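One structure is given here, and the rest of the page talks about it.
None of the figures in this text is laboratory data; all of them are computed from the coordinates on show. From a predicted model like this one, the values you see are computed outputs, not experimental measurements. Quick reminder, even Gly has a Cβ in these numbers, built from the backbone with ideal geometry, and neighbours come from all protein chains shown.
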Ligand SMILES: [Zn+2]
């Protein structure tokens with residue numbers, strides 16, 4: 001008896017013109033990353049994730065960044081855009097996956113940034129990422145993918161499959177499939193698009209972080225990895241290879257802290273002119289932004305920029321989720337990090 005495909009989706013909170021659009025700090029990499037994180041957190045895969053098939057355009061960072069984010073070695077394969085490629089990848093994944101491992105096929109679509117700008121049809125919400133998960137080696141038998149033969153997008157095809165799902169279908173749906181496209185956080189699309197595409201060669205005079213240090217700190221920045229000291233029991237975050245209490249560098253266990261449900265202990269608003277220069281383009285287009293200090297766990301505090309929120313929406317005592325987002329361009333590429341978001345709605349059942 002095979003189980004169904006597990007589907008997880010991430011739909012941006014921003015809305016413009018009656019459909020969901022990506023925020024300026026979102027791109028296909030962050031959308032894909034979030035759909036995968038939501039899928040893992042909603043129901044941990046019964047087998048470790050071994051392969052990801054990426055369908056459509058996704059920045060080069062995804063080739064190593066998804067493994068860094070999920071903290072596991074991954075074989076990444078890229079495919080052209082569109083539902084036919086998605087379906088092909090899903091069938092191939094099912095045939096080639098080693099027993100005892102899981103794989104995911106994932107695609108992100110941001111119609112408002114594509115050449116034709118065609119919105120998804122059939123009531124699909126707009127910008128979104130969709131991931132289809134497969135466990136084990138032989139579970140693709142008997143599945144049909146008629147929806148993925150069309151000429152629309154992957155999001156549209158997956159949305160159609162969700163909307164027309166039969167009672168008793170073995171597919172499992174996680175995430176925000178039923179969102180009302182226009183019920184998100186209203187944004188000015190023109191400003192969003194200008195803020196999403198600043199020059200990648202912009203020179204930062206602010207918090208310059210060498211690329212080597214950025215990469216070295218990714219486990220703490222992206223996965224909130226702390227070190228628990230077996231000698232004295234203290235927790236050190238961010239991880240730095242030495243216990244903050246007893247100073248020992250041995251017997252430290254790397255432990256990821258929760259990325260959801262952090263509690264805000266201090267909050268401030270950075271108005272135009274107050275930001276480090278690497279945020280100039282963002283502030284010029286979108287205005288100021290919130291910054292919070294939040295407790296992830298006892299002894300582990302983190303400073304986070306706030307996104308997908310209006311001034312005052314996140315304050316002291318708020319519980320927040322965190323999402324991987326673009327931070328700023330530096331040395332010809334985007335740097336990414338976690339930001340606080342108002343606590344996401346619980347995923348609907350079924
Ligand atoms: Zn210690």
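Tabulated results
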quantity	calculated
The range 6-196, relative contact order in percent, only Cα pairs under 8 angstrom and at least six apart counted	34 percent
Sequence-separation-based contact order of the chain, relative, with Cα cut under 8 Å and 6+ spacing, percent	18 percent
Hydrodynamic radius (Kirkwood) for the range 6-196, which is based on Cα pairs only, to one decimal in Å	16.6 Å
Computed over the chain, the ratio Rg/Rh where both radii use C-alpha atoms and Rh is Kirkwood	0.97
Residue-averaged [θ]222 nm for the chain, counting only DSSP H segments that reach four residues, each worth -39500 (n - 2.57)	-6000 deg cm²/dmol
DSSP beta bridges in the chain [antiparallel fraction, %, rounded to 5]	70 percent
Relative contact order computed over the range 265-350 (Cα-Cα under 8 Å; 6+ residues apart), in percent	25 percent
Ordering of 4-10, 94-100, 109-115, 84-90 by packing [mean C-beta count within 10 Å, highest first]	4-10, 84-90, 109-115, 94-100
Beta bridges per DSSP with both ends in the range 6-196, % antiparallel, nearest 5	45 percent
For the range 81-176, Kirkwood radius (reciprocal of mean inverse C-alpha pair distance, Å)	14.1 Å
